[in-house]
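Every number in this text was worked out from the coordinates using simple rules, so none of it is lab data. Just so it is clear, the model here is predicted, and its values are computed rather than measured. For neighbour counting, all protein chains shown are included, and Cβ atoms are generated from backbone atoms with ideal geometry for every residue, glycine included.
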Amino acid sequence: MNEKRVTFASKVGVIAAAAGSAVGLGNIWRFPSQTADGGGAIFILVYLGCILFFGIPLIISEFIVGRSSQANTAGAFHELAPGAPWKWVGRLGVLTGFIIMGFYMVVCGWTLDYLVQSLTGSLHKVNDFSANFTSLLNNPLRQIFWMILFTLLTAFFILSGVKKGIEQSSKIMMPMLFLILIILAVRAILLEGASSGLSFLFMPSLEHVKPTVFLDAMGQAFFSLSLGMGCMITYGSYFNNRINLTKTAMQVAVLDTMVAILAGVIIFPAAFALTANPGTIVDELVAGGPGLLFITLPGLFNQMPVSMLWAAMFFCLLALAALTSTISLMEVVTLYLHEEYRLSRKMSTFIVTAGVIVLGVISSISAPFFNLLDISSAKFMLPIGGFFISLFVGWYLDKKMVYAQLTNQGTLKTAVGFLKTYIFLLRYIVPPAILAIFVYGLTG
Ligand code: PFF
């Protein structure tokens, strides 16, 4: 299976595809609601620490595993550690991808519903945005319809092949998304009363912090960077030998973090400025839960000229950002079935699509099921996957092979100090820190 493998066509394509996977609803929908729940600035500080100490070393590690094995997530461990139980780490990743799709597709469906509400102008006429969102949640058939449509759309891209589908779409929509986020952030900051939203985001205060802040922030970091389930292994397997893994990992982490922070700079100033009850705004934000984005943003659009146009553009770009993430999720599971069970790509895609729709239907009907899939995957399965991936690259893989991957067989001038720090982090910092956070989060 090694020789004929396709690779991404260009460096820009590689970054766009990897960043396209990372940047998605995790940044714009999940990050703000987790930040609200986690008490604001302290959550963000812990989150940034996780990106730096776990995120970047682990993206590099997944790239190494992918590029050196040229295989799907489970196949990669099998290839690098034949006969050893490491392949279970890959299998866990495939299962995690499947579970994430089971609730993620539902939120993708919400973005389509809101896109249509913006295009028809009905969003513009709403007075109570919270009630508007609740009416969507209380209508399973409407959610199921959009969820199925989004899943089929993802499947279509998976079938249309790696280069055309993933690379091209990411290259165009990423810069556009960035631009519209900046415009919305500027508009939000200029609202009267926006500054208290900014202080909630950036001025650390212990007032609303919860003991689970480390667990929550770590889960969010893994989720946002698409880490711990082999998504970056799968994409790394499409990299050619000239790609600088370290640089690419850093670029992905920086882009992903910038988008998340930008989303915060839109949502919080807008929420604080537009609330009718400033005294209870934090409780209101926490109560908004997964609906935060869909409740707060329409209020912001209504403060802008040609609000329908902004709303439609935003939800269209959000759906596209989500699409590049669902493509990466579905690719992990599809490639696994295709390579490990020798099913055709079509058959593999069909099976995954059907399975995701079943989970998506249950998540649309049951909020507890939705939350169960969200929490079990982001807070537990991804960090557990990351724990084992760091052990695998830090302790199991031959250090010479790891260095050769990092330096592209010695052709890149990578500082020895960096290589040593990287291995040190993977061996002595990442695994114990993940364990400590679990213990603290579950007992604290
Ligand atoms: N990183 C994506 C987001 O932030 O929306 C979600 C995701 C994609 C998680 C792919 C995991 C993954 F493998």
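Taking a ≥ b ≥ c as the square roots of the eigenvalues of the alpha-carbon gyration tensor, segment 232-369 is classed prolate because a/c is 1.5 or more and a/b outweighs b/c.
Which of rounded, prolate or oblate describes the chain when judged by the alpha-carbon gyration tensor and an a/c cut-off of 1.5?
Judged from the Cα gyration tensor, the chain comes out prolate (a/c at least 1.5, a/b above b/c).
Cross-linked pairs K87/K379; K247/K420; K247/K400; K87/K399; K346/K400: Cα-Cα separations exceed 27 Å for K346/K400. For segment 1-68, applying the loop criterion from DSSP together with a ceiling of 13 other beta carbons within 10 Å to the trypsin sites (Lys or Arg not before Pro) yields K4, R5. Each stretch of four or more DSSP H residues adds -39500 (n - 2.57); spread over every residue of the chain, this sum gives -23000 deg cm²/dmol at 222 nm.
Once you place label points 7 Å from the Cα toward the Cβ at D398 and F424, how far apart are they in nm? Output for this residue pair reads 2.6 nm.
Shape class for segment 20-70, computed from the alpha carbon gyration tensor (a ≥ b ≥ c): oblate, with a/c not under 1.5 and a/b at or below b/c.
Label-to-label distance, L442 versus S376, with points set 7 angstrom from Cα along the beta-carbon direction: 1.5 nm. Between T120 and E207, the modelled labels are 4.1 nm apart [label points 7 Å from Cα along Cα→Cβ].
Placing R0 at 60 angstrom, the Cβ-Cβ distance between L45 and R342 gives a FRET efficiency of 0.80 after rounding to 0.05.
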